[in-house]
Amino acid sequence: MAEPAHPARGGGAGGEGLGRSRGGFTSKLHLSADGRCRPLSLVVTPGQRADCTQFQTVLAKIRVPRVGLGRPRTKPDSIAADQGYSNSPCREYLRRRGIRHTIPEKTDSQAVRLRKGSRGGRPPGFNEERYKKRNTIERAINRLKQSRAVATRYDKRGYVFLGTATTAALLIWLRS
């Protein structure tokens, strides 16, 4: 009899997307969304995992099929993110891929840059009008959590919860 296929990342609570956070034993959904609040990619991690650690993974999972022939789009035109993504690795990744971004600079990073003087470099560009559109991701999360199974995570296994969240995302796409 063949062994059942196990999901990647092994077993245990961490492999199942469960971990300690301020709210207790929880999991976190990291996602990207388009301008119409439709989820483009989903990743499940333990509750204590920082958002910026999953930044490249979430962006790498974006696949938007083209209307005609050709490979799916994998690179967004621009990104608006909160201060949790205001670090060098995230900014370098976006620069390397040629993706415009609007991410506010953290105050402690700004103080360090100013303390260095001319060696600190120039401040990252910030477009307030484009940053106002960052609420689309918050609205996408709220639309996902209208599904009770996503909001409360009844599923024990991480890959089953990811399937539940993916199903809720598909319903959002079908309704729009």
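The values are calculated or read from the model by the stated rules, or taken from the named source; none is laboratory data. Just so it is clear, the model here is predicted, and its values are computed rather than measured. A quick note on method: Cβ atoms are made from the backbone with ideal geometry, for glycine too, and the neighbour counts reach across all protein chains shown. Heads up: the accessible areas ignore ligands, DNA and RNA and are worked out on the full protein's heavy atoms, side chains in. Shrake-Rupley method; radii C 1.70, N 1.55, O 1.52, S 1.80 Å.
Under 30 Å between alpha carbons, and skipping anything fewer than 8 positions from LYS132 in its own chain: which lysines qualify? Output for LYS132: LYS28, LYS61, LYS75, LYS106, LYS145. Only helices enter this figure: runs of n ≥ 4 DSSP H residues, each worth -39500 (n - 2.57), summed and divided by the residues of the chain, yield -10000 deg cm²/dmol at 222 nm to the nearest 500. If the Kirkwood radius is taken over C-alpha pairs of the stretch 39-97, then at 10 °C and 1.306 mPa s the Stokes-Einstein diffusion coefficient equals 123 µm²/s. Listed peptides 91-103, 115-127, 32-44 appear in the order 32-44, 91-103, 115-127 once ranked by packing, highest mean of other Cβ atoms within 10 Å at the front. Each residue of the stretch 159-166 is assigned a 3J(HN,Hα), and the resulting list reads 6, 6, 5, 4, x, 5, 5, 5 Hz, derived from the Karplus form 6.51 cos²θ - 1.76 cosθ + 1.60 (θ = phi - 60°), x at Gly and Pro. Beta bridges from DSSP with both residues in the chain: antiparallel share about 80 percent, rounded to the nearest 5. Amide H to amide H, with H built 1.01 Å from N, HIS101 comes under 5 Å of ILE79, counting only residues 5 or more places away or on other chains. Quotient of the Cα radius of gyration of the chain and 2.2 N^0.38 Å, N being its number of residues: 1.17.
Ligands, DNA and RNA left out, the 1.4 Å accessible surface of the chain is 52% carbon and sulfur atoms. To the nearest ten degrees, helix 135-144 and the longest principal axis of the Cα atoms of the chain are 10 degrees apart.
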